[in-house]
């Protein structure tokens, strides 16, 4: 059974990108230009930057981007300035015990985590490994991998909704932000494959532009 389809095109994509840039909405953890550059020209990040990205995606779940960035800046300032980390002091900044424990573990083990990640060869291995890090699930692993420069899709709730709308298939009841349904994933992948050909851009960058466009109502779902 089909439902109402949403039409995407090269022209619409670049129009959305321009609207985001003009409105100052062209960012995830970092600006779109940095995300695109890292996707096009792969680079290995330092252990501190690896941890910085991991900590951000942990905080991003359940918060607005503005709030996540504010808390992230406070936590990173504490981590950089203090060689002896105290749970209670970090908990005073952000009242979530599980996430604070995960953040401390990632920071303390950042060199080991970073080096192991960059010694892996395939994207499948890297995604699998990232999903084993403290408080990093499968969907969050995709978010982290993309921000680290891997050409992957986040598959968050907005992208799932858009992929289903693009497909025209009646898959709305399968959309789930905690467990990615394979039919929904296939719909999203078809959308990204189409737009990769249309725009000549990596799907990781297409992902962040579409996500931000949906989140800010530039694409009506």
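Kirkwood radius, the chain, all distinct C-alpha pairs, inverse of mean reciprocal distance: 18.2 Å. Global size of region 100-177: 15.0, 47 Å for Rg and Dmax (C-alpha atoms, Rg to one decimal, Dmax whole).
Expressed per residue, the C-alpha convex hull volume of region 47-148 stands at 86 Å³. Highest mean first, the peptides 195-203, 160-168 sorted by other C-beta atoms within 10 Å per residue fall in the order 160-168, 195-203. A quarter of the convex hull surface defined by the alpha-carbon atoms of region 39-102 gives 5.1 nm² as the mean projection. Per residue, the convex hull spanned by the Cα atoms of region 119-221 measures out at 105 cubic angstrom.
By other beta-carbon atoms within 10 Å, ranking 140, 178, 190 with the fewest at the front produces 178, 190, 140. Ranked by how many other Cβ atoms sit within 10 Å of their own Cβ, fewest first, the residues 107, 158 fall in the order 158, 107. Taking the average, over residues, of other Cβ atoms within 10 Å as the packing measure, peptides 19-26, 96-103 rank 96-103, 19-26 from highest down.
Taking every DSSP helix (H) stretch of at least 4 residues in the chain, weighting each as -39,500 (n - 2.57) and dividing the sum by the residue count yields a mean residue ellipticity at 222 nm of -20000 deg cm²/dmol. In terms of overall dimensions, the C-alpha atoms belonging to region 1-110 reach 52, 36, 30 Å along their principal axes, ordered largest to smallest.
All of the numbers you see were taken from the coordinates with simple rules; none came from a lab. Computed from a predicted model, the values in this text were never measured in an experiment. For neighbour counting, all protein chains shown are included, and Cβ atoms are generated from backbone atoms with ideal geometry for every residue, glycine included.
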